[in-house]
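The values are calculated or read from the model by the stated rules, or taken from the named source; none is laboratory data. Since the structure is predicted, the reported quantities are computational estimates derived from the model, not experimental observations. Note that each Cβ is placed from the backbone with ideal geometry, even for glycine, and that neighbours are counted across all protein chains shown. Please note that ligands, DNA and RNA were not included when accessible areas were found on the heavy atoms of the full protein model with its side chains. Shrake-Rupley method; radii C 1.70, N 1.55, O 1.52, S 1.80 Å.
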Amino acid sequence: MALYLLYESASGYALFHAHGLDEIGQNTDAVRNSVSDLNRFGKVVQLTAFHPYESALDALNQCNSVSEGLMTDELRSFLELNLPKVKDGKKPKFSLGLAEPKLGSNVFEATKIPCQSNEFVLELLRGVRFHFNRFIKDLKPGDLEKAQLGLGHSYSRAKVKFNVNRVDNMVIQAIFLLDTLDKDINSFSMRVREWYSWHFPELVKIVNDNYLYAKVTKFIKDKAKLAEDKISELTEIVGDEDKAKEIVEAAKASMGQDLSPIDLINVHQFAQRVMDLSEYRRKLYDYLVTKMNDIAPNLASLIGEVVGARLISHAGSLTNLAKCPSSTLQILGAEKALFRALKTKGNTPKYGLIFHSSFIGRASARNKGRMARYLANKCSIASRIDCFAESSTTAFGEKLREQVEERLDFYDKGVAPRKNIDVMKAAIESTQGKDTEMETDEVPAEKKSKKKKSKAAATEDGDAMAVDEPAANGAADVAKLEKKKKKKDKRKIDNDVEEEQEHVNGADAEDGTAKKKKKKKSKIDEGEELHADGDVKKTKKKKLKSNE
């Protein structure tokens, strides 16, 4: 059976014919040894056809299709043109070797060309890739490398779909850095406390906050120089005059040892570094809050910016978090406890990262699991809205937060919460109301005044119509009665006319039809004319009888 090889290069599609394989045998080791030698490999594999890409954009489209396992129209026409035709009902005497099994199954479904992808085919394609520039004679040295570099850059750029406004990678990096800074600041603050406590040990019990301790350490420096004239400055730092006086009194009777000026300089510099890290941590938190409000506003308003960012970072992205069911989101971050419970057949964890939410802490011990399940459900809804909604709004997150608050009240006081469908309808109405307000604000003031005038005129016309309605109704009743009377008179006259037509000649009949046409012109004059015609016809009848 003949074997053809399809190679998708950066410059175009290439089809090779591998012949003489029966002599070598389908042995991967033999092929691997012959790949490096072009003389041996060229005798086995020969170029059959080559189809270059039209442009760089066409190359990118073809590359995307091949990576997704789809066959394009260009590839189909190339294969059908250069491969032997497959006859219906007969087994083909060739096969096509491919590197992508998904592409092979798609080609077989569309064209019935048998495809294969195994180690033997991959080794042959490796040899084709190694000697490809020698198979194509028109390629200049360096052209293939440039095509590969350009296609690689464009393919990577298309896969990384960069959006400045919806970059959850920034949130992931920010929350990782925030957690690292918290650990570092705590360890550095402990080091400042321990270091400066050799000089002023009583300060640790007076000032508990790490940032304030570093600030006070930087201000005091040497405790021997601390006097009562610095109480006002200490009060500005500490925020309490009594505490400032207590620090001054403790410095006078301190049990700490004296430090050399070089040691004090080092302590001062280290305290300054701790203060700088604390300031940077505060700025990074503000940055994280603004980013979360841009990327996931509903999730941030429901569960908080920090917990929401931790959920996104643990899931990998906002899209991955939106794809997670609420049961997975509930225990996200407690994977070790889950698998340990499954292994030991113990109780599975009730919550993971969402335990840091204030709602779980406010719930009673008996209701913590229920609250975690309910909160995970609402977080799943909020993440999906943030991920797939076209416009960003916090209306849904606020309504979901209200639902969680109502659920807490239900567990504590027994107050029945609202239904989810009612809350979602209210959220949709609020978003639509905001959109209509934005549209109305854009309308000019002149159009508003014109609308008001037209409305006033319409109301006046409506009042006038309402006044005229009873009179019009009365006139309509009278007209109906008159019409009924006229219809009865018409029926009588028509009967008389039919009797006359039996005795009257053709001329008289023509006169009768002409008279009928005149009747249709006006309803009011019809009655009078018909009565007059009836009298005339009666006199004609009497004359005819007397002549006979």
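Test L264 against the stated conditions and say whether it is at negative phi, in a helix (DSSP H, G or I) and buried (at least 16 other Cβ atoms within 10 Å of the Cβ). For L264, the condition - at negative phi, in a helix (DSSP H, G or I) and buried (at least 16 other Cβ atoms within 10 Å of the Cβ) - is met.
Of all the listed residues (T348, T328, T393), the sole one being farther than 24 Å from S430 by Cβ and part of a loop (DSSP other than H, G, I, E, B) is T348.
Filtered by the rule that a residue be open to solvent by 50 Å² or more (accessible area, probe 1.4 Å), acidic (D, E) and over 26 Å from the mean Cα position of the chain (by Cα), segment 52-77 gives E54, D73, E74. Close Cβ contacts (under 6 Å, 6 or more residues apart or on different chains) running from residues in segment 216-240 that are among the polar types (S, T, N, Q) to residues that are open to solvent by 70 Å² or more (accessible area, probe 1.4 Å) comprise T235/E241. Considering only residues in segment 87-130 that are part of a loop (DSSP other than H, G, I, E, B) and polar (S, T, N, Q), the one that is surrounded by the most Cβ atoms within 10 Å (Cβ to Cβ) turns out to be S117.
Checking each residue in segment 295-309 for being under 20 Å from V404 (Cα atoms) and part of a helix (DSSP H, G or I) picks out P297, N298, L299, A300, S301, L302, I303, E305, V306, V307, G308, A309. For the condition assigned to a loop (DSSP other than H, G, I, E, B), within 21 Å of A300 (Cβ to Cβ), open to solvent by less than 90 Å² (accessible area, probe 1.4 Å) and not acidic (D, E), T431 does not qualify.
Exactly one residue out of T344, T348, T290 is exposed (fewer than 14 other Cβ atoms within 10 Å of the Cβ) and either under 32 Å from the mean Cα position of the chain (by Cα) or closer than 30 Å to Y213 by Cα (or both): that is T290. Restricting attention to segment 310-337, which residues are exposed (fewer than 14 other Cβ atoms within 10 Å of the Cβ) and more than 20 Å from the chain's Cα centre (by Cα)? S327, E335, K336 - these are the residues of segment 310-337 that are exposed (fewer than 14 other Cβ atoms within 10 Å of the Cβ) and more than 20 Å from the chain's Cα centre (by Cα). For Y374, the criteria (1) aromatic (F, W, Y); (2) more than 26 Å from N169 (Cα to Cα); (3) open to solvent by 40 Å² or more (accessible area, probe 1.4 Å); (4) touching a residue at least 24 places away in the same chain (Cβ under 8 Å) hold in every case but one, which is (3).
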